[in-house]
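A.B. asks: Just passing along the structure, written as structure tokens.
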Amino acid sequence: MTGLVLRGASHLLTMDGPDLSGVDIRIEQGVISEIGANIEPHDAEIVDVSGCVVTPGLVNTHHHLFQTLTRAVPAAQDALLFGWLKSLYPIWARFGPEEMRLSARIGLAELALSGCTTSSDHLYLFPNGARLDDTIEAAADVGLRFHATRGAMSIGESAGGLPPDMLVEREADILEDCLRLIDAFHDPSPGAMLRIGVAPCSPFSVSRELMRDAAILARDKGVGLHTHLAENDEDVAYSLETFGCRPGTYAEELGWTGPDVWHAHCVKLDAAEIDLFARTGTGVAHCPCSNCRLGSGIAPVRAMRDAGVTVGLGVDGSASNDRASLIDEARQAMLLQRVENGADAMAAREALEIATVGGAKALGREDIGKIVVGYRADIAVWDISGLDSAGSWDPAALLLAGPRRVRDLFVEGRRIVEAGCVLTIDAARVSAEARRAVEKLSG
Ligand SMILES: [Zn+2]
């Protein structure tokens, strides 16, 4: 058999024009090749998706997969950002390649169940021989489309920074490893399953020179740039005190604006910074659950969207969200804008658009995020025959009432989740491995 036909979607949310119902989707060689009623299957495998809402796969624009092994750590459960980091650094310092691979496999499988087909990751510490290659290997195992960003920290405690000295690297080594990774793994072609980005951890953990050099390197190589920016009041105060300017100005001065840049959080962007981001095409990875969990505040997403800023969603690291569900993140984004701006401030549909089209744009992708002929076949299938949709008058309004896990998930036309189970990993085995890893790390 060649290809697939998804047969009879009750609701097809293409995120590109009106919703459709009762239609089929043909997938050939990883690409959506036809959408319409009663598609002739020829010799394709048929997957019945009647009784389901079908959406584009969701796009996760910010994560630290390694943190999956440090969820709900007691000392960090109720701390603010800087205190939270200080409790967790010593635990992360005990990680090695095996912990990186295991945490990434678990985190990506959890994301897949929540409808995510593409994830970025921001790995910014490399203790005991760990490398970005470890998470890249895990993403290939799970089968998600992956944007691995090479993070870094270079200012340790002894130099006035936040992280312990043993977790920071020499800046020359950081840049050299970025080059190695881009040359070894970055695929700029359409439909790429793997891209690399350059991502110093945050303005408070690397030097001004590294921020500048990272931007020059990324532009030279044609890869994306990512970091944390304006996450909370402490972050802005640090910028004013240390650099004498707000985070937006700092970013602009060092080349960190443009359509190839996306910044995580941006909770505290002011009106001038929102205007800067809109003018320059700079993207934002909005992480509402993490912002709530750390008490950082409510990002001005309504104002950003109205100004034309590209906004995608991120679950952020599992240590500051604890749960990595992208569909939950979309619902939380919708609810938070309503808390701030009223019940009509963000419709369920708009939040889903941010989770798909917005995320794809933030990552610089024009081949995912919609169900359109010629786009990659990254598709989430949500069963609406269960209790969580029962009684709904608008089953397509998934973020108001609907399942929180997919029935099936396709990435590049390959089925990763079937009947609510991830096909590419042994969930019981990796969960048992995680329990052993937590015992070892906490012992
Ligand atoms: Zn983060």
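A.B. asks: Answer with yes or no whether residue 384 is aliphatic (A, V, I, L, M) and more than 17 Å from the chain's Cα centre (by Cα).
C.D. replies: Yes: the conditions hold for residue 384.
A.B. asks: Could you tell me whether residue 90 is in contact (Cβ under 8 Å) with a residue 40 or more places away in the chain and farther than 29 Å from residue 379 by Cβ?
C.D. replies: yes
A.B. asks: Here's another thing I want to ask about it. Could you pull out the residue among 68, 55 that is hydroxyl-bearing (Ser, Thr, Tyr) and either in a helix (DSSP H, G or I) or within 16 Å of the ligand (Cβ to nearest atom) (or both)?
C.D. replies: Values: 55 fails: either in a helix (DSSP H, G or I) or within 16 Å of the ligand (Cβ to nearest atom) (or both).
After applying the criteria, what remains is 68.
A.B. asks: To continue, here is another question. Can you name every residue in region 219-236 that is more than 16 Å from residue 150 (Cβ to Cβ) and surrounded by 16 or more Cβ atoms within 10 Å (Cβ to Cβ)?
C.D. replies: Within region 219-236, 229, 230, 231, 232, 235, 236 qualify.
A.B. asks: So is residue 39 in a helix (DSSP H, G or I), away from the ligand (no atom under 16 Å from the Cβ), of a type outside the set (Gly, Ala, Ser) and at pLDDT 95 or above or not? Step through it out loud before you land on a result.
C.D. replies: Details: in a helix (DSSP H, G or I): no; away from the ligand (no atom under 16 Å from the Cβ): yes; of a type outside the set (Gly, Ala, Ser): yes; at pLDDT 95 or above: yes.
For residue 39, the condition - in a helix (DSSP H, G or I), away from the ligand (no atom under 16 Å from the Cβ), of a type outside the set (Gly, Ala, Ser) and at pLDDT 95 or above - is not met.
A.B. asks: Follow-up question, since we're still on this one. Determine whether residue 370 is basic (Lys, Arg), at pLDDT 95 or above and in a loop (DSSP other than H, G, I, E, B).
C.D. replies: Values: basic (Lys, Arg): yes; at pLDDT 95 or above: yes; in a loop (DSSP other than H, G, I, E, B): yes.
Spelling it out, residue 370 is indeed basic (Lys, Arg), at pLDDT 95 or above and in a loop (DSSP other than H, G, I, E, B).
A.B. asks: If you don't mind, another one. Could you tell me which of the residues 155, 182, 196, 216 is β-branched (Val, Ile, Thr) and buried (at least 22 other Cβ atoms within 10 Å of the Cβ)?
C.D. replies: On inspection, the qualifying residue turns out to be 196.
A.B. asks: Return the pairs, sorted by first residue and then second, in which the second residue is part of a strand (DSSP E or B) and buried (at least 24 other Cβ atoms within 10 Å of the Cβ), the first residue lies in region 100-124 and is on the phi > 0 side of the Ramachandran plot and in contact (Cβ under 8 Å) with a residue 60 or more places away in the chain, the beta carbons are less than 8 Å apart, and the residues are 6+ apart or on different chains.
C.D. replies: 115/55; 115/58; 115/380; 115/382; 115/409
A.B. asks: Can you say whether residue 239 is surrounded by fewer than 16 Cβ atoms within 10 Å (Cβ to Cβ) and over 21 Å from residue 62 (Cα atoms), as far as the supplied structure shows? Walk me through how you get there before you give the answer.
C.D. replies: Details: surrounded by fewer than 16 Cβ atoms within 10 Å (Cβ to Cβ): no; over 21 Å from residue 62 (Cα atoms): yes.
Against the criterion (surrounded by fewer than 16 Cβ atoms within 10 Å (Cβ to Cβ) and over 21 Å from residue 62 (Cα atoms)), residue 239 does not qualify.
A.B. asks: Same structure, new question: With the structure loaded, tell me whether residue 318 is within 16 Å of the ligand (Cβ to nearest atom), in a helix (DSSP H, G or I) and under 21 Å from residue 149 (Cα atoms) or whether it fails that test. Talk me through it step by step, then tell me what you get.
C.D. replies: Values: within 16 Å of the ligand (Cβ to nearest atom): yes; in a helix (DSSP H, G or I): no; under 21 Å from residue 149 (Cα atoms): yes.
Here the answer is no, as residue 318 does not meet what is asked.
A.B. asks: So which residues in region 117-128 are more than 16 Å from the ligand (Cβ to nearest atom) and within 12 Å of the chain's Cα centre (by Cα)?
C.D. replies: 117, 118 - these are the residues of region 117-128 that are more than 16 Å from the ligand (Cβ to nearest atom) and within 12 Å of the chain's Cα centre (by Cα).
A.B. asks: Tell me the residue from 305, 293 that is charged (D, E, K, R) and closer than 30 Å to residue 71 by Cβ, please. Steps first, please.
C.D. replies: Values: 305 fails: closer than 30 Å to residue 71 by Cβ.
Testing whether each residue is charged (D, E, K, R) and closer than 30 Å to residue 71 by Cβ leaves just 293.
A.B. asks: Just to be sure I understand, how many residues within region 338-365 are part of a loop (DSSP other than H, G, I, E, B) and touching a residue at least 40 places away in the same chain (Cβ under 8 Å)?
C.D. replies: In the first step, residues of region 338-365 are kept if they are part of a loop (DSSP other than H, G, I, E, B); the result is 342-347, 363-365.
Narrowing further to those that are touching a residue at least 40 places away in the same chain (Cβ under 8 Å): 345-346, 363-365.
Of the residues in that region, 5 qualify.
A.B. asks: Residue 258 is checked against (1) assigned to a helix (DSSP H, G or I); (2) away from the ligand (no atom under 16 Å from the Cβ); (3) surrounded by fewer than 24 Cβ atoms within 10 Å (Cβ to Cβ) and fails just one. What number does that condition carry?
C.D. replies: (1)
A.B. asks: Only helices (runs of 4 or more DSSP H) wholly contained in region 153-250 count here; list those with 1 or more residues that are more than 16 Å from the ligand (Cβ to nearest atom) and in contact with a Gly (Cβ under 6 Å, 6 or more places away or on another chain). I'd like the intermediate steps shown before the answer.
C.D. replies: Details: elements: 171-185, 208-221, 233-243.
It comes to 208-221.
A.B. asks: Search region 275-298 for residues that are away from the ligand (no atom under 16 Å from the Cβ) and pair each with any residue that is in a helix (DSSP H, G or I) and β-branched (Val, Ile, Thr) when their beta-carbon atoms are under 7 Å apart and the residues are at least 6 apart or on different chains.
C.D. replies: Partner pairs satisfying both residue conditions: 298/339.
A.B. asks: Quick one: is residue 87 part of a helix (DSSP H, G or I), polar (S, T, N, Q) and farther than 27 Å from residue 58 by Cβ?
C.D. replies: Taking the combined requirement at face value, the residue satisfies it.
The values are calculated or read from the model by the stated rules, or taken from the named source; none is laboratory data. Everything numeric in this text was worked out from a predicted model, so none of it was measured. Note that each Cβ is placed from the backbone with ideal geometry, even for glycine, and that neighbours are counted across all protein chains shown.
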